[in-house]
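**Student:** Take this structure first; my questions come after.
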Amino acid sequence: MSRRRNEALRELTEQETQTLTMLARSQRVPAVQSRRAGILLEIAQGRSLLEAARTQGYLDGDTASSLVTRFNLEGLGVLIPRHAGGPAVEYDVEAQKRILSLALSKPDLEEHGTNTWSLTTLQTVLRAQGMETVSTHTIWKTLKGAGVSWQRSRSWCATGQATRLRKSGRVAVTDPDTEAKKS
């Protein structure tokens, strides 16, 4: 069995070093990202691939070697895990935009038979438009990923936005901390 080729880690920029240090120490990021950042930092400090991998809980240097090779090509993107099994992602960005635009549009009572969207009615309309295998779970994940949630008014609305009834009439209210609350 052949051995993995050991490629040298390229010189880290100041910003990459700061980002890797922050991620390696963080308790809030996924453990795999923290461990990968730790491996890269230790290799940059002069440790061998095997030593760096073992300090982060891996058994051999192959993990560190492949991480270094990918880091030299892709940069910090290697810290985020790629698709690792399960069914392949079926709906691309364009299909997700289609789902989102339909959900945010107002349904026509005559055409769709409803005044408000539900996951099932969205699924029915999308299937009629050519997305034959779309599931309600896929629709829900797409809407949730875009920051849209089901409101008490039985409509899909952007998170952090609401319409309030005031003495002067209806007013659109936006929560300034929406982005901070999402992350």
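**Student:** The stretch 14-79: D in µm²/s via Stokes-Einstein (Kirkwood Rh, Cα pairs, 4 °C, 1.567 mPa s)?
**Tutor:** Roughly 112 µm²/s, to the nearest whole number.
**Student:** Taking the Cα atoms only, what angle lies between the long axis of helix 119-128 and the longest principal axis of the chain, rounded to 10 degrees?
**Tutor:** On a 0 to 90 degree scale, this one is about 90.
**Student:** Check the straight Cα-Cα distances from Lys167 and name the lysines below 19 Å, setting aside those fewer than 8 residues away within the same chain.
**Tutor:** List returned: none.
**Student:** Return the aspartates and glutamates within reach of Lys144: Cα separation strictly under 20 angstrom, same-chain partners fewer than 8 residues apart disregarded; answer none if there are no such residues.
**Tutor:** Cα-Cα hits under 20 Å: Glu90, Asp92, Glu94, Asp175, Asp177, Glu179.
**Student:** So for each of 168-175, 115-122, 6-13 I average, over its residues, the number of other beta carbons within 10 Å; can you give me the resulting order with the highest mean first?
**Tutor:** Going from most to least packed, we get 115-122, 6-13, 168-175.
**Student:** Between Leu109 and Ser135, what is the spin-label point distance in nm, taking each point 7 Å from the Cα along the Cα→C-beta axis?
**Tutor:** 3.5 nm
**Student:** By how many nm would the segment from Thr124 to Ser149 grow when fully extended, if each residue of separation counts as 0.36 nm and the alpha-carbon distance is taken off?
**Tutor:** 7.1 nm
**Student:** Projected onto the charge dipole of the stretch 101-149 (+1 at Lys/Arg Cβ, -1 at Asp/Glu Cβ, origin at the Cα centre), which of Ser118, Gly145, Met131 gives the Cα projection farthest towards the positive end?
**Tutor:** Gly145
**Student:** While we're here: When only Cα pairs under 8 Å and 6 or more residues apart are kept, what is the percent relative contact order across the stretch 14-79?
**Tutor:** This gives 25 percent for the stretch 14-79.
**Student:** Quick one: if you stick a label point 7 Å off each Cα along the C-beta vector at Gln27 and Leu50, how many nm between them?
**Tutor:** Modelled inter-label distance: 3.4 nm.
**Student:** For mean projected area of the Cα convex hull in nm², which listed value, [x] 15.5; [y] 12.1; [z] 16.2, comes from the coordinates shown?
**Tutor:** Working out mean projected area of the Cα convex hull in nm² from the coordinates points to [z].
**Student:** Relative contact order of the stretch 93-157, please, whole-number percent, based on alpha carbon pairs below 8 angstrom and at least 6 residues apart.
**Tutor:** 33 percent
**Student:** Oh, and also: About its Cα centre, how strong a charge dipole does the chain have in debye, to the nearest 20, once Lys and Arg get +1 and Asp and Glu get -1 at the Cβ?
**Tutor:** Dipole of the chain, to the nearest 20 debye: 680 debye.
None of the figures in this text is laboratory data; all of them are computed from the coordinates on show. Note that the structure is predicted; figures quoted are calculated from it, not measured. Neighbour counts run over all protein chains shown; Cβ positions are idealised from the backbone, glycine included.
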